[in-house]
1. For every helix of n ≥ 4 consecutive DSSP H residues, a contribution of -39,500 (n - 2.57) applies; sum these over the chain, divide by its total residues, and give [θ] at 222 nm rounded to the nearest 500 deg cm²/dmol.
2. Report, to the nearest 10°, how far helix 295-309 tilts away from the longest principal axis of the Cα atoms in the chain, using its own Cα long axis and a range of 0 to 90°.
3. Cα axis of helix 167-185 to longest principal axis of the chain: angle in degrees, 0 to 90, nearest 10?
4. For 307, 25, what's the fewest-to-most ordering of other Cβ within 10 Å of each Cβ?
5. Taking other Cβ within 10 Å of each residue's Cβ, how do 150, 336 sort, fewest first?
6. Taking the Cα centre of each part, how many Å lie between region 194-245 and region 54-88?
């Protein structure tokens, strides 16, 4: 089967103890059955320690929400004592993600990881394909629809990767491509009263994100402060455009093909566009007139956004529902926000 990934995946390496936002903190860590059997059979004092710190199929986090096996040096005691092969599935795979479509497997590394975020923002988006042994597909799907969606996604990626096409026009084109594909699947519902007031639309976007379930306690105060700063924040900096193109490509690659199973191609495209616009606002709020926020800060902002949206199933479900019912997630309103955010005319694309 074909295994398709973004080119940067081959360069990904976990930075372990050097990570400032370890995936071993603040997350419930589920243990798969194979790892649970290994831990139940582990001998000696460390085996006893393992079993003391497992409850209901998960590791028992410490009071400050750390994995009990994350040591003071930021390293994993399970890895140190039992080897990499003894890690549970989620620990050995994170931040990798995968999708299966018959004879095609796709995967990548998630934006929520500090090391991965830096890779994603630092490299132009490309795709690599290699042959791997066959693996079982996730479910049944329409082959003709798969081909149509693959063609649509390729066009979306071409748009955001085209440096001669301004970023705002590229995002508007992504929405148009998605709308056309959605019409092949079904007739999209009419928008529930598009919002034409830019200020109100911005407030509604912030309200949507502030009502999601927070992962990090600092996230909600942070985006509240950004909402207050945005009206007087510097305009979009062209220094950030390459990062935003790569972020848009990440979301498009990761999510658009999921619509072969649920038919919501416009929802996934809207999520990609909203995510890119919202992150651009956060970049502006971290900048001054003299100095746009730099690469390191941009990577951290994108990583935090990903962590708070993609890595909570309930949050993703809510955002995708908004794409079907929310006024600020319809195409006309999104195009107004895109035009205002990037100072471009996105009409007649």
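A short reminder: the numbers here are calculations on the coordinates, not readings from a lab. If you're wondering where the values come from, they're calculated on a predicted model, not measured in any experiment. Positions of Cβ are backbone-derived with ideal geometry, glycine not excepted, and every protein chain shown enters the neighbour counts.
1. -16000 deg cm²/dmol
2. That works out to roughly 80 degrees.
3. Once rounded, the angle reads 80 degrees.
4. Starting with the residue having the fewest Cβ neighbours, the order is 25, 307.
5. Sorted ascending by nearby Cβ count, the order is 150, 336.
6. With region 194-245 and region 54-88 each reduced to a Cα centre, they are spaced 35 Å.
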